[in-house]
Amino acid sequence: MSTLRITGLASGIDYESMITKLMDAQRVPLDKLNQKKQINQWKQDDYRTINNKILDFKNAAFDMKLQSNYLTKTTTSSNTNVATITGTANANEGSYTLQVEQLAKAATLNSGKLTGTTVGMDTTITVNGINVDVKSTDTYQDLANKINAESVKTGVKVAYDSNLKTMFFSSIKTGAAADIDLRGANIGTILGLTTSTTAATTTGNVVLTSDTSLASLAGKAFSLDIGGQKYKVDLTSASTVGDLVSKMNESLKNTGVSLSLNSAGNLVIDNPDKNRTIDITSGSDAGVVSALGLTSATPIDTTPSIFKQGQNAKVKFNGIEGEYDSNTFTIAGLSITAKSEGSDVTTIGVTQDVDSVFNKIKSFVDKYNDLISSINSELSEEKYRDFAPLTDAQKKDMTDDQIKQWEEKAKSGMLANDSVLTSGLYSMRQALSSSISGLASGQLRNLSDIGIASSLISGASVSGSYLDKGKLYIDETKLKQMIAEKPDEVMNLFTTDDKDSKSVAGDGIATRLYNQATTIFNQIVDKAGTSTSVKNKYVLGNESLDLDKQISALQTRLEDMETRYYNQFTAMEKYISQMNARSSSLASLLNSGG
């Protein structure tokens, strides 16, 4: 505002005070708008605070809808040195035995004692099919770093110990399918180890395709003997070469050996372990080997190589043998971690975990009680209508403590008797009190059936009354008894969902409360938004924007009014000043004439 203001220099009148008082009266509507905006903000904050509690409860209700929470099991082991056991929701109560005959192991390989500080030659080595370029100036640590850089692709890592002058290779995974396959013309020299030079065989006298029919061999079998272990595929009139390759590879998946057709159509048997022989004739029926062109199989890979293979865990569970590629596996719903191998047998006991289920239900009830306590507190909070939000002018005349005490009363009762909260609280209490339909006759249908209610009588002790406004109490003895005796029914009482969106009668307690909490949460979001909501997307936000417009327009009008007052009084001052000057001049003339 650039208007020059002259206040009372000529007239002696305190126009500044006069205009201030005039404007204070005019600013009353503006103060009321700012107070409305402040109340709007306080109400929005209270809504969002209570909605955070509703969201927390909604998440708890969702968790209680999951059946796995009611099926947790407690396990015991007579020998934890053999294995550790954890029961999952799928484990059945009972007694089982476990023997770990063999632990799963990774493939490992140690180099020979390495001399010098560098590799000493330019070459390429292949680690599980991935090429690694090596320079003569590379140290053994450089070589280890290069191999480890490809570990995601190869599944192999290596450590070099400069004191022991040794490289220690290990597959990342355990199991028979995990291997270390190192190939290269100089691999033996680099690592100081003996290599093998025969790996794969093929035939050059029969061309095949995946669709080649083997119907003429129906009733016969193709077999490979690997280290004394036979792997066989029986042929039928529907068999093709593709079927044979697929079935044999499935049988061979833990050996490292595989079958394939090369680009020329010849059948290839790949055997990465150069120290292992494969007999392709014994065990196969007459005519099968010849038909596949393997009678005169010849080597096709003579690259020097070193191969090591991991091993599977082998266990007996209730006397039944099984193999696993890791020492952690699941049998009959039990998560088992094998720790030692041998002849020791551990006995496993599985029982219902009553305490775990009880604690989950109790925690859920506590969250419900906390939520309705907060809602009831908001609904019943006293509203002090004589305590409006303070204006800036009012705050100037008050101490910090006085402002704090005033605003505590001014903020009180923002959501008193709020219709959204009142309706939501009623719907949740109805969800808890009504029976669940659709369950089998005789099953648990009410919370009171498991010892949870808004009022309980135990002997001469009475818990709960209407004064508690819906707070739930738990008969711990009865609840634990129901969990132990009727775990499935307790689960159904909470988790049942009839998928009927028009009715909640067939829904379990947790399902009902989750749906009700979702509804209330969304209603409050529509009313007060969230911290990331755009203002024009919710009711109080739109009201705030409207108040901002009204405040801005009124501020402009008041500024114009104040400027007009000052202009008027300034003009008056100028006129009085001029009149005073003329009067003074006239007086001077009269005095000089006398």
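The values are calculated or read from the model by the stated rules, or taken from the named source; none is laboratory data. Quantities reported herein were computed from a predicted structural model and do not represent experimental measurements. In this analysis, Cβ positions are derived from the backbone assuming ideal geometry, glycine residues included, and neighbour counts consider all displayed protein chains.
Considering only segment 98-105, I want to know if a residue exists there that is over 26 Å from LYS367 (Cα atoms) and in contact with a Leu (Cβ under 6 Å, 6 or more places away or on another chain). Write out each step before concluding.
First pass over segment 98-105, keeping only residues over 26 Å from LYS367 (Cα atoms): 98-105.
After this cut, where a residue has to be in contact with a Leu (Cβ under 6 Å, 6 or more places away or on another chain) as well, the list is none.
Scanning segment 98-105 turns up no residue that is over 26 Å from LYS367 (Cα atoms) and in contact with a Leu (Cβ under 6 Å, 6 or more places away or on another chain).
Check SER335, SER284 and return the single one that is part of a strand (DSSP E or B), outside the structural domain of ASP488 (by TED's automatic domain parsing) and small (Gly, Ala, Ser). Even if it seems obvious, please write down each step before you answer.
Working: SER284 fails: part of a strand (DSSP E or B).
After applying the criteria, what remains is SER335.
Could you list all residues from segment 562-580 that are surrounded by 15 or more Cβ atoms within 10 Å (Cβ to Cβ) and within 30 Å of LEU33 (Cα to Cα)? First the steps, then the outcome.
Let us first name the residues in segment 562-580 that are surrounded by 15 or more Cβ atoms within 10 Å (Cβ to Cβ), namely 562, 565-566, 569-570, 572-573, 576.
Within segment 562-580, GLU562, TYR565, TYR566, PHE569 meet the criteria.
Which pairs have Cβ atoms under 9 Å, sit 6 or more apart or on different chains, and link a residue in segment 166-192 that is more than 17 Å from GLY112 (Cα to Cα) to one that is assigned to a strand (DSSP E or B) and among the acidic types (Asp, Glu)?
Close Cβ pairs satisfying both conditions: SER171/ASP179; GLY175/GLU323; ALA176/GLU323.
Spot the failing condition for LYS173; the list is (1) in a helix (DSSP H, G or I); (2) surrounded by fewer than 21 Cβ atoms within 10 Å (Cβ to Cβ); (3) modelled with pLDDT of 95 or more, and only one is missed.
(1)
Name, by its number, the condition in (1) of a type in the set (Gly, Ala, Ser); (2) assigned to a helix (DSSP H, G or I); (3) modelled with pLDDT of 90 or more that does not hold for ALA393.
(3)
Out of all the residues in segment 368-384, is one or more in contact with a strand residue (DSSP E or B) (Cβ under 8 Å, 6 or more places away or on another chain) and under 26 Å from THR511 (Cβ atoms)?
Here is the first cut: in segment 368-384, the residues in contact with a strand residue (DSSP E or B) (Cβ under 8 Å, 6 or more places away or on another chain) are none.
No.
Can you tell me which residues in segment 398-410 are among the β-branched types (Val, Ile, Thr) and outside any helix (DSSP H, G or I)? Walk me through how you get there before you give the answer.
Let us first name the residues in segment 398-410 that are among the β-branched types (Val, Ile, Thr), namely 399, 403.
Scanning segment 398-410 gives a single hit, THR399.
Considering only residues that are of a type outside the set (Gly, Ala, Ser) and crowded, with 17+ Cβ neighbours inside 10 Å, which ones fall in segment 318-340?
Start the filter on segment 318-340 by keeping residues that are of a type outside the set (Gly, Ala, Ser), which leaves 318, 320-321, 323-325, 327-331, 334, 336-337, 339.
The answer is TYR324, ASP325, ASN327, PHE329, ILE331, LEU334, ILE336.
Each row is one residue, and each column tells you yes or no for (1) surrounded by fewer than 21 Cβ atoms within 10 Å (Cβ to Cβ); (2) outside any helix (DSSP H, G or I); (3) outside the structural domain of SER296 (by TED's automatic domain parsing).
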| position | (1), (2), (3) |
| --- | --- |
| THR115 | yes, yes, yes |
| SER136 | yes, yes, yes |
| ALA144 | yes, no, yes |
| PHE168 | yes, yes, yes |
| LEU182 | no, yes, yes |
| ALA185 | yes, yes, yes |
| GLY204 | yes, yes, no |
| THR209 | yes, yes, no |
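Pull up segment 271-310, narrow it to residues that are crowded, with 16+ Cβ neighbours inside 10 Å and of a type in the set (D, E, K, R), then point me to the one that is modelled with the highest pLDDT.
Per the stated criteria, the residue is LYS308.
If you take just the helices (runs of 4 or more DSSP H) that sit entirely in segment 464-541, which of them hold at least 3 residues that are in contact (Cβ under 8 Å) with a residue 12 or more places away in the chain and within 27 Å of SER377 (Cβ to Cβ)? I'd like the intermediate steps shown before the answer.
Numbers: elements: 476-485, 487-495, 509-528.
Those helices (runs of 4 or more DSSP H) span 509-528.
What's the number of the condition GLU16 fails, among (1) out of contact with any Ser or Thr (no Cβ under 7 Å at 6 or more places or on another chain); (2) modelled with pLDDT under 90?
(1)
Taking the stated definitions as given, is GLY442 assigned to a loop (DSSP other than H, G, I, E, B), surrounded by fewer than 17 Cβ atoms within 10 Å (Cβ to Cβ) and not aliphatic (A, V, I, L, M)? If you could, list the steps in order and put the result at the bottom.
Working: assigned to a loop (DSSP other than H, G, I, E, B): yes; surrounded by fewer than 17 Cβ atoms within 10 Å (Cβ to Cβ): yes; not aliphatic (A, V, I, L, M): yes.
Here the answer is yes, as GLY442 does meet what is asked.
Filter segment 117-134 for residues that are under 39 Å from the mean Cα position of the chain (by Cα) and assigned to a loop (DSSP other than H, G, I, E, B) and give the result.
ASN128, GLY129
Just one of (1) of a type in the set (D, E, K, R); (2) over 15 Å from PHE307 (Cα atoms); (3) buried (at least 16 other Cβ atoms within 10 Å of the Cβ) trips up ASP122, so point out which.
Failed condition: (3).
Yes or no, residue by residue, for (1) assigned by TED's automatic domain parsing to the domain that holds TRP42; (2) surrounded by 23 or more Cβ atoms within 10 Å (Cβ to Cβ); (3) touching a strand residue (DSSP E or B) at 6+ places or on another chain (Cβ under 6 Å); (4) among the polar types (S, T, N, Q):
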residue	(1), (2), (3), (4)
PHE494	yes, yes, no, no
ASP500	yes, no, no, no
GLY506	yes, no, no, no
ILE509	yes, yes, no, no
ARG512	yes, yes, no, no
GLN516	yes, yes, no, yes
PHE521	yes, no, no, no
VAL525	yes, no, no, no
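Looking only at segment 90-113, how many residues end up being assigned to a loop (DSSP other than H, G, I, E, B) and either in contact with a Phe, Trp or Tyr (Cβ under 8 Å, 6 or more places away or on another chain) or within 30 Å of THR154 (Cβ to Cβ) (or both)?
Here is the first cut: in segment 90-113, the ones assigned to a loop (DSSP other than H, G, I, E, B) are 90-93, 103-104, 111-113.
Those left that are additionally either in contact with a Phe, Trp or Tyr (Cβ under 8 Å, 6 or more places away or on another chain) or within 30 Å of THR154 (Cβ to Cβ) (or both): 103-104, 111-113.
Of the residues in segment 90-113, 5 are assigned to a loop (DSSP other than H, G, I, E, B) and either in contact with a Phe, Trp or Tyr (Cβ under 8 Å, 6 or more places away or on another chain) or within 30 Å of THR154 (Cβ to Cβ) (or both).
When both residues are 6+ apart or on different chains and their Cβ atoms are under 7 Å apart, which pairs have a first residue that lies in segment 411-428 and is part of a helix (DSSP H, G or I), and a second that is modelled with pLDDT under 95 and acidic (Asp, Glu)?
LEU421/GLU378
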